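Here the structure comes first, spelled out in structure tokens, and everything after it is commentary.
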Amino acid sequence: METVKFNYKETCGVPLNDLLVVIGSLKGYREKLRIIADTGGYDALESSINLPVDEVMHSKIDEIARTFKTPSLKYVVHIGIGGSSLGTQAIYDALMGSYDALNPRRYPKIIFADTNDSGTINVIQECIRGVQGKEEVLIHMVSKSGMTTETIANFEIIHVFLKERFGDVKDRIVVTTDEGSTLWAVGEKEGFTCISIPKIVGGRYSVVSAAGIFSLSLVGIDTHAFREGASLMREICLEDNIAENVAIISASVLYHHYQSGISIHNNFLFGPELESLGKWYRQLAGESLGKEKISGSGDIIHIGIMPIVSIGSNDLHSVAQLYLGGPKDIFTTFVNREHGSNNAKVSPTPIFSDLSHRIAGKNFTEITNAIYGGVLVAYKNRALPFTEVIFSEVSAKTLGAFVQWKMLETMYLAHLLGVNAFDQPNVEEYKAETRKILGAK
């Protein structure tokens with residue numbers, strides 16, 4: 001896909017013959033995914049691959065969004081956690097910038113209520129306190145199960161605050177959840193607008209559903225272009241033309257290194273606006289791949305590749321020493337864009353002329369490209385394996401392509417590791433204990 005490039009041949013550290021062996025072992029699973037895509041619907045665990053092309057579902061989402069997308073809207077309070085929030089924030093931050101909150105002229109904005117923190121809730125309440133009418137605020141509550149403690153707690157607090165200010169606010173609340181969940185039933189009873197997510201689609205694979213699309217569309221993001229990018233990448237990653245199938249290649253590279261003892265995957269994103277994208281991938285890989293399974297001899301085996309997130313060039317001054325000089329147990333995926341969003345230029349006659357003569361007259365793109373190039377050379381000199389993902393530009397279309405690629409990569413990698421990419425049984429352990437503690441007298 002021209003808008004998203006993948007460079008791996010010279011730097012991934014996997015001999016071609018070894019790579020082809022791993023790729024060959026995925027033939028049957030790729031064919032299974034192709035059948036799921038061709039059949040459509042939501043009958044298989046992997047059915048999230050059908051979200052981008054589900055015209056009926058997206059027509060309903062668009063129709064509901066049009067009723068709330070008015071000139072008065074200033075704040076969309078997106079209440080969710082994990083897969084119900086991370087994907088939405090990844091796309092929002094990448095397109096609006098990591099400092100969007102500092103822009104007083106751009107509305108509407110999404111405010112993410114994704115943790116139970118009194119300071120965060122206080123800030124959200126201050127934003128709501130500043131609006132003139134309830135039509136300026138919309139609450140979008142997202143919970144797949146409809147039972148997420150953190151999400152319910154945030155909703156209850158924000159809802160009460162909004163109700164105290166404006167009275168009846170049921171027409172300012174949209175709930176996205178599994179149809180038939182407890183949350184769905186309560187939402188319908190209270191008169192909230194309810195949107196369903198296909199039940200078989202897990203939260204971390206749901207960004208191309210109402211969980212992400214609805215909030216993003218309300219703030220002016222081109223969700224049709226986002227879906228187009230995801231649809232195009234879906235076809236690429238289901239093709240039997242292996243030279244183009246980036247998801248199979250990237251999964252096979254990661255698996256080869258995991259088999260060689262490298263179990264840390266560093267996503268090194270160059271651009272502060274991409275940090276949330278790294279955090280979205282961290283959850284996707286962490287929950288999908290970190291599993292226990294029983295060996296043939298009955299022993300418990302702990303499987304998993306640790307996803308970590310680094311931001312360039314910030315983290316070159318915090319952990320690059322470890323990456324370059326520490327243990328060789330990390331595989332790196334660099335994520336960069338060809339064109340920066342700001343071409344501010346250093347003065348040709350800088351004040352600190354003795355210190356900055358090398359950058360005099362240069363713009364930020366030239367400087368950051370030089371830094372990035374220096375990092376790649378340093379990694380090559382130390383024979384540290386890496387791949388590159390390069391966006392032609394950071395747009396709704398390229399982001400749709402990226403998230404679809406990474407979701408399919410994760411499915412392929414889980415298949416290679418022999419784990420279920422779609423459950424999270426151990427997460428339920430803390431949730432069950434939390435409910436016990438909260439229920440205790």
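The values are calculated or read from the model by the stated rules, or taken from the named source; none is laboratory data. Bear in mind that the values here come from a model prediction, so they are computed numbers and not experimental data. Neighbour counts run over all protein chains shown; Cβ positions are idealised from the backbone, glycine included. Side chains included, ligands, DNA and RNA excluded: accessible areas come from the protein's heavy atoms. Shrake-Rupley method; radii C 1.70, N 1.55, O 1.52, S 1.80 Å.
General remarks:
- Lone qualifier among L73, L51 - being touching a residue at least 24 places away in the same chain (Cβ under 8 Å), open to solvent by less than 40 Å² (accessible area, probe 1.4 Å) and part of a loop (DSSP other than H, G, I, E, B): L73
- Any hit, the stretch 176-189, residues being open to solvent by 40 Å² or more (accessible area, probe 1.4 Å) and of a type in the set (G, A, S): yes
- Of the residues making up the stretch 325-347, those that are part of a strand (DSSP E or B), at pLDDT below 90 and either within 24 Å of the chain's Cα centre (by Cα) or not charged (D, E, K, R) (or both) number 0.
- Qualifying residues in the stretch 190-213 (those that are of a type in the set (A, V, I, L, M, F, W, C) and crowded, with 23+ Cβ neighbours inside 10 Å) - the one farthest from the chain's Cα centre (by Cα): I195
- Scanning the stretch 311-329 for residues that are open to solvent by less than 80 Å² (accessible area, probe 1.4 Å) and closer than 18 Å to N369 by Cβ yields I311, G312, S313, D315, L316, A320.
- Annotation: of all residues in the stretch 277-300 being assigned to a strand (DSSP E or B) and surrounded by 12 or more Cβ atoms within 10 Å (Cβ to Cβ), the one that is modelled with the lowest pLDDT is K293.
- Failed item in (1) assigned to a helix (DSSP H, G or I); (2) surrounded by 24 or more Cβ atoms within 10 Å (Cβ to Cβ), with F268 passing the rest: (1)
- Test: I437 is closer than 22 Å to R337 by Cα and open to solvent by 10 Å² or more (accessible area, probe 1.4 Å): no
- When the stretch 390-431 is filtered for residues that are touching a helix residue (DSSP H, G or I) at 6+ places or on another chain (Cβ under 6 Å) and either charged (D, E, K, R) or not in a helix (DSSP H, G or I) (or both), the ones remaining, listed by number, are F391, V394, K397, K406, E409, A421, Q424.
- Within the stretch 251-264, the presence of at least one residue that is within 14 Å of L19 (Cβ to Cβ), out of contact with any helix residue (DSSP H, G or I) (no Cβ under 6 Å at 6 or more places or on another chain) and surrounded by fewer than 20 Cβ atoms within 10 Å (Cβ to Cβ) is confirmed.
- Against the numbered list (1) more than 29 Å from V394 (Cβ to Cβ); (2) surrounded by 18 or more Cβ atoms within 10 Å (Cβ to Cβ); (3) not acidic (D, E), P15 comes up short only at (2).
- The stretch 1-48, residues that are out of contact with any Lys or Arg (no Cβ under 7 Å at 6 or more places or on another chain), under 30 Å from I200 (Cβ atoms) and in a loop (DSSP other than H, G, I, E, B): M1, S25, L26, G40, G41, Y42, D43, A44, L45, E46
- Residues within the stretch 217-248 that are touching a strand residue (DSSP E or B) at 6+ places or on another chain (Cβ under 9 Å), over 13 Å from S395 (Cβ atoms) and crowded, with 22+ Cβ neighbours inside 10 Å, tallied: 3
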